[in-house]
Amino acid sequence: MAFADDLSIIVPAHTDYHARMTHANEYLSFFGVEFNPTKTIYTYSNSQSHHKSYSVTSRNLPPTPTSTLSPHEAIRYLGGWMNPSLNPTHAKNIIKKDMEHIINVLRHKRLDTAEMTYVLRTVLSAKAMYYLNTVPLTDSELTDIDRQLAALLKRSAHLARSTSPHIFYLPPEAYGYNFPSLVHQRRNLLIGQVHRLMNNTGFLGRMARVRLAGYREAVGAHCSPLSGAAPYASPPSKTILRTHWMARAHACLLATDIKLLDPAGDFNRPASRPKDHPILENIPHALHPRIIPELRKRNWIWTGDIANARGTHIRPGFSLNIPPLSRWSRELTHPSPYN
């Protein structure tokens, strides 16, 4: 992936990494462009052992290995921070620190309401939306920042400290200031992004569909989770939200009661029998985080995968590593028939 003078090479194996780096080095050399071994960073993920980085060649230096970074350390790419281990802590700390710096500066400025609103929209909100494309700040973390913004607006509007901060986010017909909260801006941002990605017919669209298929696997879904089907009408778990961008887009769709349908059925899993239904439809959502890993391990999706021919009882020997007295056992003792 390339943008201006930034280049990212992603490969499934270390041998592929060496092959593509060789091709890239030869191609760029033809135009007189060279890799900077210090600024070129090699990192890895899903590796059992550490591999050596590629040695780039240049006109003034002998072959020099590029810099190496642990997969647990954050990399800055196109202004955003990310790492192969999908740990968002560093990126979250960066955005919080940036927001705190801007808010602290504005606390010492004497601005009227119009000026304060303009600065917050054009500086703070714009910066936040750039990061929030990828950084998984929770709604509660964004709400905390929104409270601080409301405090700035209250002071600029000469309102009492006891004034509810919600007045700034209400529409004019509700006697509010109609200031867009970061929570709602992030929702609109991700909903727009996921719509554009899923309707893209090029490389980005293909990559997005692969990521959606990965999210479908992670939650043990029988169809696209974004379609709003019954088992997936509840917000994803915190772990899934941290590691899957599609889960964050899904949460935004749920919060605004929007569904992204899949009329062609591109993400449907074939049912094991006619009129079969997903196992998760029989299970309370609270049990999903415990059960889904076991279902994925065994590739059990449909009730027909574990039930008798009529779908009225679980076949002998089909059990999960969950205590017998759990609600899982009670819920699936007599699954609803599907024939």
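The values are calculated or read from the model by the stated rules, or taken from the named source; none is laboratory data. Bear in mind the structure is a predicted one, so any value in this text is a computation, not a measurement. Quick reminder, even Gly has a Cβ in these numbers, built from the backbone with ideal geometry, and neighbours come from all protein chains shown.
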When segment 232-282 is checked residue by residue, the ones that are on the phi > 0 side of the Ramachandran plot and either of a type outside the set (D, E, K, R) or modelled with pLDDT of 85 or more (or both) are D257, G265
Take H18 and tell me if it is outside the structural domain of A157 (by TED's automatic domain parsing) and either assigned to a helix (DSSP H, G or I) or within 30 Å of S125 (Cα to Cα) (or both). yes
Of (1) surrounded by 14 or more Cβ atoms within 10 Å (Cβ to Cβ); (2) assigned to a helix (DSSP H, G or I), E115 fails just (1)
For segment 146-160 the number of residues that are surrounded by fewer than 16 Cβ atoms within 10 Å (Cβ to Cβ) and either in contact with a His (Cβ under 9 Å, 6 or more places away or on another chain) or at positive phi (or both) is 1
Checked P278, P236 against criteria (under 17 Å from P88 (Cβ atoms) and surrounded by 15 or more Cβ atoms within 10 Å (Cβ to Cβ)); the one match is P236
Practice problem: Check whether at least one residue in segment 136-145 is part of a helix (DSSP H, G or I), free of Cβ contacts under 8 Å to residues at least 40 places away in the same chain and on the phi < 0 side of the Ramachandran plot, and report yes or no. | Solution: yes
ask   = So is A208 buried (at least 16 other Cβ atoms within 10 Å of the Cβ), more than 22 Å from P293 (Cβ to Cβ), not assigned by TED's automatic domain parsing to the domain that holds D139 and not β-branched (V, I, T) or not?
value = yes
When every residue in segment 165-211 that is out of contact with any Gly (no Cβ under 8 Å at 6 or more places or on another chain) and hydroxyl-bearing (S, T, Y) is compared, the one farthest from A151 (Cα to Cα) is T201
Would you check if there is a residue in segment 45-60 being touching a residue at least 40 places away in the same chain (Cβ under 8 Å) and in contact with a helix residue (DSSP H, G or I) (Cβ under 9 Å, 6 or more places away or on another chain)?
no
Open item on the list: Can you confirm whether Y232 is closer than 25 Å to N133 by Cα, of a type in the set (F, W, Y) and in contact with a His (Cβ under 7 Å, 6 or more places away or on another chain)?
Closed with: no
When every residue in segment 57-93 that is among the β-branched types (V, I, T) and farther than 15 Å from S8 by Cα is compared, the one modelled with the lowest pLDDT is T57
The residue from M82, M99 that alone is in contact (Cβ under 8 Å) with a residue 12 or more places away in the chain, of a type in the set (A, V, I, L, M) and in the same structural domain as L159 (by TED's automatic domain parsing) is M99
Selection from segment 121-135 of residues assigned to a helix (DSSP H, G or I), touching a helix residue (DSSP H, G or I) at 6+ places or on another chain (Cβ under 7 Å) and not small (G, A, S) yields V123, L124, K127, M129, Y131, L132
The correct count of residues that are of a type in the set (S, T, N, Q) and under 18 Å from the mean Cα position of the chain (by Cα) in segment 120-140 is 4
Reported set for segment 118-133 where residues are touching a Phe, Trp or Tyr at 6+ places or on another chain (Cβ under 9 Å) and more than 16 Å from M82 (Cα to Cα) is L120, R121
Among (1) assigned to a helix (DSSP H, G or I); (2) modelled with pLDDT of 80 or more, W300 falls short only on (1)
Within segment 1-44, residues surrounded by 13 or more Cβ atoms within 10 Å (Cβ to Cβ) and in contact (Cβ under 8 Å) with a residue 40 or more places away in the chain come out as T43, Y44
